[in-house]
Structures are given as structure tokens and as C-alpha cells.
Amino acid sequence: MFSDPKIILLFVIASINVILGFLVLIRKRRSWVNIFYSLVVFSIALWAIGLSYFIDSIDFVSAILWARIYYIAAAMIAYSFLMFGLLFPYVKMKFIWWKHILILIPFFASCILVFTKYHIEAIFIQPWGKDVILGWGYVVFTVYFLMYMGIGFVSMWKKERESLGIRKMQIKYVLLGTLIAALGGSVFNLFLPLVGNYKFIWLGPLFTFLMAIFISYAIIRYRLMNIRLILSRIVHYIFSFVATFLIVDATLYFFEAFDTNLTNFKSIAISSLFAIFVIILHDPFQKFFGKITSNIFFRGVSDYQNLFKSIGNTISKQVSREGLAYSVSKNLYEELKVDFVKIYIKEEGSNRYKILGSNQESINNNSCIIEKLKSDNRIIITEELELNQNDTPKIDEYQKLEKIVEKLNELKIEFIVPIVIEEKLIAIIALGQKRSNEIFDKEIIEFFDVLSPQIATALEKARLYDESQQFNIKLKSEVDKATSDLVKANIRLKQLDQSKSEFLSIAAHQLRTPLTGIKGYISMFLEGDFGKITDDQRIELEKIYRSSDRLTRLVDVFLNVSRIETGRLDLKKENFDFIKIVEDVVSDLSQQAKKKNLKITIQKPDEEIPKILADKDKIHDVVMNLVDNSIKYTEKGWINIRISKSKSLITLEVEDSGIGISENEIDKLFQKFSRAEAVSRIHTGGSGLGLFIAKKIIETHGGRIWAESEGKDKGSSFTFTLPIQSKINE
Ligand code: ADP
């Protein structure tokens, strides 16, 4: 039988069609398109096989049987092609049974007709083949066939015109392929037999080979039925098989050429040699052909490992979200060769996913795409979703998927990756179509499965960074504002302070003048200028005088403070005897000391002290303040005043056995209005200004003043140093 090349050809054609049919069928179980397409190609295979057996048959009985079989096959081709044409490509068509039965009736009628004598009236076996005498049934059959095929084509052609892009290309190639096959088949197997020529019936099926090529091209180039991966594997294995087969054959041929009588042993040896060959060569072959096939089927697939590395680098360098999104999308765009890469990032406090830096492009939180990503947490490939949609039998599920697919198509998104952190969808990466029209395969999904968690953490880090940047900016503006407020407040305070000092100075001056007058008149009274006074009157007048004196001193204190604060503490320098000043103060205050029974001693240095150059009155005030304090704050015991001299300094120490000063208060005593807590309760009359003024006076002279005390009730000592020749005011 296989000596006839026509028959071999027909068998090859049948096998190709069977393979194609199986490929399409295993891809999807429930799709009617695939089922009918497989039915078309299986029928073609049956037709080719029927034809070859018919050609090969030598008796009438088997000839008519095979003829009937291939006519049945042809009827099946027409029926399944019509169905395929109506459904392809994945029309949202519900399978309406009564319509389908309407379509089935003519098909069954033709099948039945084939088995009557009205179809094939007689077969004459001739030396060149067979002559078939056809009846009117055949004409009916032809009409049925042409009509069904015609409707199928028209339906496909219509859809070709309506479709766009990849779909259009898919339909175009399928249409072209099937049209060529149908034309070839019709010419040689329908029309020529009709006019009585039965010689070329074997040619018809050969045209289906072209159809197979066209459809395969559509599968490879335009992802028809998404079976490219399977097809590529099969081609790969066929390549490997043919290559191995050829090697084995060549080797056998080679041995036979030398030895026509191969013994058993020899053939075993040769077979072992083959086996070794095959084992050794298997891997390189596989690799080699694998490379070739993947070059044909998956051109331009990226080097994911390197891409991963370079994106890893980018991620580690970028700190802001905007920078990160920009460089990651740039990297992906260049390497994956897609139409676009968009990274939508969830906006804080809003319900949108936005492309940073662009003010229009965003996807709403309640968009069906986002909902799908959130619920599945998986990469979506638009095309696959579309296939799933066509696969799904449930109408509501179908509509849901349809909505998502529509939306994705509208945005031209082909591939979409959810970026999730702690179960929150923080961003999505959307890819457009590959520029080479290739599919998004398993590798790219795996690539993104590894990449997306990294992008997620990087984005989260960047978000925190952005937040801290924002916070910094806010903080800075707040600090700036607070600083400027403080500066303003400070200026205001200075102004207030100045007006206060001015007020104090004016007030003090105004008080001092009448006081001097009062004191003058009282002295005059006491001295009897206004007539003799009684002893009682003297006592009272003396009280008034002392009070006025205290008042004068207090006013002087205020005047001094105001001078200090306005920077007008002028020193009048003169030479004077320091010891004399101390002795005067002690004598002035001796009455007070006596009242408290305090013993005051003055320790003078052995050597003579030169006159010192300083403001006599001010130094007097300071000594007065220190001794006065020691009397005030000592209830019983003694006061020791020590005067000493070093090379250029004179030192005065006033030590007492009084109430002492606690450690934490000692440093504050020289501040304005500062009084020890316990003291302010006992001696309500103090101002807390004496030591403040003393410090200023001593320091302005270039000296130093300090206090020491062992603690409460342990007495205290106040010391100051003064340059003998004060340089101040020179
Ligand atoms: P005033 O004596 O009017 O209160 P001063 O400036 O002269 O103001 O003194 C400030 C404070 O220092 C006093 O209130 C007192 O608490 C403390 N102080 C001064 N001298 C002595 C001293 N000799 N012993 C104990 N405390 C003293």
C-alpha cells in the first residue's frame, strides 16, 4: 500500500492534521471553538485516510465503502467548519440547542444520502484508478457542502473585518489557510468529480497542509489558541527525533556498505554503539534543538537574571518613591521590550492608584481590576483572563471577567503585577503588549514573583523616607516660625525692659530730690535751727531721719540697678584708703550689731596697704552691703572681717556665724531679686538687689566676688577681690 507516494503523502497530511487537532484539543477542554476546530482537522484526517484506502482498494465493495467514508468525512468537515466559523474567535455565544439541531439536520441528511445509490451510482476500476458515476444525490451533497463552508467563511470574514490588532491577524491567517484548503479540496474533490474527472482526488487533502502551515503561523506569531508552548515542545522533539534517526540510519548504512552479512553479534555491537552515541549526543542535541525552537517561538526573550540584578541595583540606590518607580519602569521597559511600563502607587489618604509625577493617570480603588488583584493576589495576564472568560460556563462569572478584560483592553494593559505588603495592595505594575507580539510566558511570571516582594519592601521604605522628608519640611517651617516668634518676643521684651529701666531711673531721680530735702529739714530740726525740741520729739525725729536715710539708700539701689541695666554705671575714680572705708562701715553699723550682741572684728594685714584707685562711694556701698547682710543674717555669734593683700589685689572677706546658705542657692544669690527661700520669710524687708549690684560694681572694677557656706546654720563668708590700681574708666 505504502509503495504509492500519493498514499504516503495522504497519510502524512492525515498525521499532521491529527497532531494539530490534538494540540488544540488538549489546550482547552470546554471551549467549543477548540472542539469544532479539532473536529474539522480530525475530519480532514479521516477524509485523507478514506481517500488513500479508496485509491488503494482493488475491489468494488471496499472501494465504495471507503468512498462513502470519505464523503461522510467531507460532510463532517462542512458541518464542523460551519460551527467553527460561527464561534471563532470565542464569540460570546450561548449554545442554542434548537438552532444547532437545525444545522445538524442537513448534515445527517447528507450523511444518509451518501449511503444511497443516488450519491454514487457505480464505480469502475480502471488501470489509472477508479471511475465513479455520481447521481443527483451528489449535487445535493455539493450544495450542502458549499453552503455550509460558505456560511462559515462569511461569518469568519465578517469578524475579521470587525476585529482589531492581534485578533484580526489571527482570524486573517485562519481564514486564509482554510480558504486555500477549501478551494483546493473543492476543485479536485468536488468540481472535477462532478464533471466526471476522478483522477486528481488525491490532490485535495494536500491543500490542508497549507492550512496547517497558516494556522501554525498564526499560533506562533499571533498566539492563536495559546498553544505556542506545546507546539514548540512538539517541534523540538520532532527535530531531535529526526536528527537522531538520521544519525542512526547513516551509521547503519555505513556498516552495511562494508558488511552485507551482519551477524547477530555484530548487530548487537552496532546497536550498543548507537545507544552510546544516542546517550552521549542526546543532551547536546536537546539543547541545540531547544535553542533553535525557542528562537523560532520565543524570539527576544529577556535575560531575566541580569534584569533582576540591574533592578536590584536600582532599588538599592533609590530613596524616593518617585525615583524608584521611574527607574524600575525604565529598566523593565528597556529589557522586556514592551509598549509601556506603568507603576501605579496607592496614594496616601486617597482612593486612587496613581502614576507618580503624572497628574492624570490613575486607577480607582474600586475598579474591577484592583478588586480582582486584591482578591486573587496574583499576576493577571489579560489574554489568559480572556481565555478563562471564554472557558467559564457561569454567566455571572463570565460577565465579571468580561468587565475586567474590557477595562484592561481599554488601558491597553497586557500584564499586571500586584505589589503587596502586609496583605495591602500598595502598588501595581502594568505592562503593555510586547513589541514583538510575543506572549508573556512562565519565565516572566516567575521573574515577577521574585521581584515583586522586593519592589514592595523598597516602595515601603521609600514611603517612610518620603514621609520623614515631609515631616522634616513641616518641622523646619514650624521651627522657623517659632524662632521668628521668639525673635519678635525678644525684641518686644528688650523694649519693655528698656522702658522699665527708664521708668525706674526717672522715678528714682524724682524720689531722691524730695528725700534730700526732707532729710535736710529734719537735720535742721535736730540741730535746733527751728527752736528747742523736747527729748520725745528728738527720739521721733531721729526715727524719721533713719527711715528717710533707709529710703534714700533704697532709691540709690534702684538707681544703681537702672544704671547697670542701661549701661550707665559710671565709675568715678579716686585714690582712697580701703581700710578706712571698712572701718567707717563697721562703725556705722556698730549700733545694729550691738543690738544683736554680735562681735565684729577686723583683721588687717601686717604690711601697709597702699591707697587704692576705684570708685570710693561704690566700693563703700559694696562693703556696707556685705557687712549689713552679715549682721542681718546672723542671730548670734560673731562677724569677722579679713582684709588681705597680694601683689596687685586687695581681698576682703566677711565671715559670720549666721544662718548660712544651702548649696543649691549659693550660685543664685548674685542674681537680680534673688533671695534665699528661708530668708525671704524672716526678713521681709530685703530687696534681693544688694549682691546683684555688688557683683556688677566689683566686676566693673575688674575684680571678683563670691560666697561660700558649709550649709544651713553653718555660717557663711562673702569675699571680693579688687585690683589695687583699677584700670576701669581709663
Ligand atoms: P537682701 O539682703 O536685700 O535680701 P542681697 O542681694 O543683699 O539682698 O542678698 C541676697 C540674699 O543673699 C539674701 O536675701 C540672703 O538670702 C542671702 N545672703 C546675703 N548675705 C548673707 C549672709 N551673710 N548669710 C546668709 N545669707 C545671706
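The values are calculated or read from the model by the stated rules, or taken from the named source; none is laboratory data. Remember, it's a predicted structure, so these values are computed and weren't measured experimentally. Please note: Cβ atoms are built from the backbone with ideal geometry, for glycine as well, and neighbour counts cover all protein chains shown. Heads up: the accessible areas ignore ligands, DNA and RNA and are worked out on the full protein's heavy atoms, side chains in. Shrake-Rupley method; radii C 1.70, N 1.55, O 1.52, S 1.80 Å.
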Kindly check whether there is at least one residue in the stretch 723-730 that is more than 19 Å from residue 573 (Cβ to Cβ) and open to solvent by less than 10 Å² (accessible area, probe 1.4 Å).
-> no
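Got a sec? Which of 568, 546, 553 is part of a loop (DSSP other than H, G, I, E, B) and open to solvent by 50 Å² or more (accessible area, probe 1.4 Å)? Working first, answer last.
Numbers: 546 fails: part of a loop (DSSP other than H, G, I, E, B); 553 fails: part of a loop (DSSP other than H, G, I, E, B).
None of the other options fit; the residue is 568.
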Checking residue 125 against (1) among the hydrophobic types (A, V, I, L, M, F, W, C); (2) touching a strand residue (DSSP E or B) at 6+ places or on another chain (Cβ under 9 Å); (3) at pLDDT 80 or above, which test does it fail?
-> (3)
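Give me the residue from the stretch 507-542 that is charged (D, E, K, R) and not in a helix (DSSP H, G or I) and, out of that set, nearest to residue 555 (Cα to Cα). Spell out how you get there, then give the answer.
Residues of the stretch 507-542 that are charged (D, E, K, R), as a first pass: 512, 519, 527, 529, 532, 535-536, 538, 540, 542.
In the following step, the residues that additionally are not in a helix (DSSP H, G or I) were identified as 527, 529, 532.
On the way: 527: 26, 529: 28, 532: 32 Å.
Taking the candidates together, the pick is 527.
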Looking at the stretch 620-640, is at least one residue of a type in the set (D, E, K, R), within 15 Å of the ligand (Cβ to nearest atom) and farther than 26 Å from residue 562 by Cα?
-> yes
Of all residues in the stretch 491-515, which are farther than 20 Å from residue 564 by Cβ and either open to solvent by 80 Å² or more (accessible area, probe 1.4 Å) or touching a strand residue (DSSP E or B) at 6+ places or on another chain (Cβ under 9 Å) (or both)?
-> 491, 492, 513
Applying the selection to the stretch 578-591, what residues are open to solvent by 70 Å² or more (accessible area, probe 1.4 Å) and either in a loop (DSSP other than H, G, I, E, B) or in contact (Cβ under 8 Å) with a residue 24 or more places away in the chain (or both)?
-> 588
Looking at 615, 621, which is the one that is more than 60 Å from the chain's Cα centre (by Cα), over 21 Å from residue 716 (Cβ atoms) and in the same structural domain as residue 582 (by TED's automatic domain parsing)?
-> 615
Go through (1) under 26 Å from residue 648 (Cβ atoms); (2) surrounded by fewer than 19 Cβ atoms within 10 Å (Cβ to Cβ) one by one and return the number of the condition residue 677 breaks.
-> (1)
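Please work out which residue is modelled with the highest pLDDT, limiting yourself to the stretch 21-32 and to residues that are open to solvent by less than 10 Å² (accessible area, probe 1.4 Å) and assigned to a helix (DSSP H, G or I). Don't jump to the end; show me each part of the working.
First pass over the stretch 21-32, keeping only residues open to solvent by less than 10 Å² (accessible area, probe 1.4 Å): 21, 23-24, 28, 31.
Narrowing the set further to residues that are assigned to a helix (DSSP H, G or I) leaves 21, 23-24.
Details: 21: 82, 23: 78, 24: 75.
For the stretch 21-32, the residue satisfying everything is 21.
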Test each condition in (1) modelled with pLDDT under 95; (2) within 13 Å of the ligand (Cβ to nearest atom); (3) in contact with a strand residue (DSSP E or B) (Cβ under 6 Å, 6 or more places away or on another chain) for residue 613 and report the one that comes out false.
-> (2)
Only one of (1) surrounded by 14 or more Cβ atoms within 10 Å (Cβ to Cβ); (2) without any contact (Cβ under 8 Å) to a residue 60 or more places away in the chain; (3) not aromatic (Phe, Trp, Tyr) is not met by residue 711, so which one is it?
-> (1)
Selection within the stretch 607-644 - touching a Phe, Trp or Tyr at 6+ places or on another chain (Cβ under 8 Å) and closer than 17 Å to residue 705 by Cβ = 612, 614, 619, 622, 626, 629, 630, 643
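I want to confirm something. Restricting to the stretch 641-668 and keeping residues that are within 8 Å of the ligand (Cβ to nearest atom) and either within 60 Å of the chain's Cα centre (by Cα) or closer than 15 Å to residue 600 by Cα (or both), which single residue is most open to solvent (accessible area, probe 1.4 Å)? Break it down stepwise before answering.
Restricting attention to the stretch 641-668, the residues satisfying the condition of being within 8 Å of the ligand (Cβ to nearest atom) are 654, 656, 658-661, 665.
Subsequent filtering for residues that are either within 60 Å of the chain's Cα centre (by Cα) or closer than 15 Å to residue 600 by Cα (or both) retains 654, 656, 658, 665.
Numbers: 654: 2, 656: 11, 658: 7, 665: 43 Å².
Filtering first and then ranking leaves 665.
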List the number of the failed condition for residue 718; all other conditions in (1) open to solvent by less than 50 Å² (accessible area, probe 1.4 Å); (2) more than 8 Å from the ligand (Cβ to nearest atom); (3) in contact (Cβ under 8 Å) with a residue 60 or more places away in the chain hold.
-> (2)
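Each row is one residue, and each column tells you yes or no for (1) surrounded by fewer than 17 Cβ atoms within 10 Å (Cβ to Cβ); (2) modelled with pLDDT of 85 or more; (3) touching a helix residue (DSSP H, G or I) at 6+ places or on another chain (Cβ under 6 Å); (4) assigned to a loop (DSSP other than H, G, I, E, B).
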| residue | (1), (2), (3), (4) |
| --- | --- |
| 359 | yes, no, no, yes |
| 370 | no, yes, no, no |
| 375 | yes, yes, no, no |
| 378 | yes, yes, no, yes |
| 390 | no, no, no, no |
| 393 | yes, no, no, yes |
| 399 | yes, yes, no, no |
| 403 | yes, yes, yes, no |
| 419 | no, yes, yes, no |
Return yes or no: is residue 142 assigned by TED's automatic domain parsing to the domain that holds residue 86, at pLDDT 80 or above and under 17 Å from residue 191 (Cα atoms)?
-> yes
Output for Cβ contacts, cut-off 7 Å, separation at least six or different chains, first residue farther than 23 Å from residue 79 by Cβ and part of a helix (DSSP H, G or I) in the stretch 148-172, second at pLDDT below 90 and of a type in the set (S, T, N, Q), reads 166/437
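Hey, any hits in the stretch 114-137 for a residue that's within 22 Å of residue 37 (Cα to Cα) and not basic (Lys, Arg)? Write out each step before concluding.
Initially, the stretch 114-137 is screened for residues within 22 Å of residue 37 (Cα to Cα), giving none.
No - not one qualifying residue is present in the stretch 114-137.
What residue, among those in the stretch 685-707 that are open to solvent by 30 Å² or more (accessible area, probe 1.4 Å) and not hydrophobic (A, V, I, L, M, F, W, C), is nearest to the ligand (Cβ to nearest atom)?
To start, the set of residues in the stretch 685-707 that are open to solvent by 30 Å² or more (accessible area, probe 1.4 Å) comprises 685, 687, 695-696, 699-700, 702, 704, 706.
Checking the rest, the ones that are also not hydrophobic (A, V, I, L, M, F, W, C) come to 685, 687, 695-696, 699-700, 702, 704.
Numbers: 685: 7, 687: 5, 695: 9, 696: 11, 699: 15, 700: 17, 702: 21, 704: 17 Å.
Result: 687.
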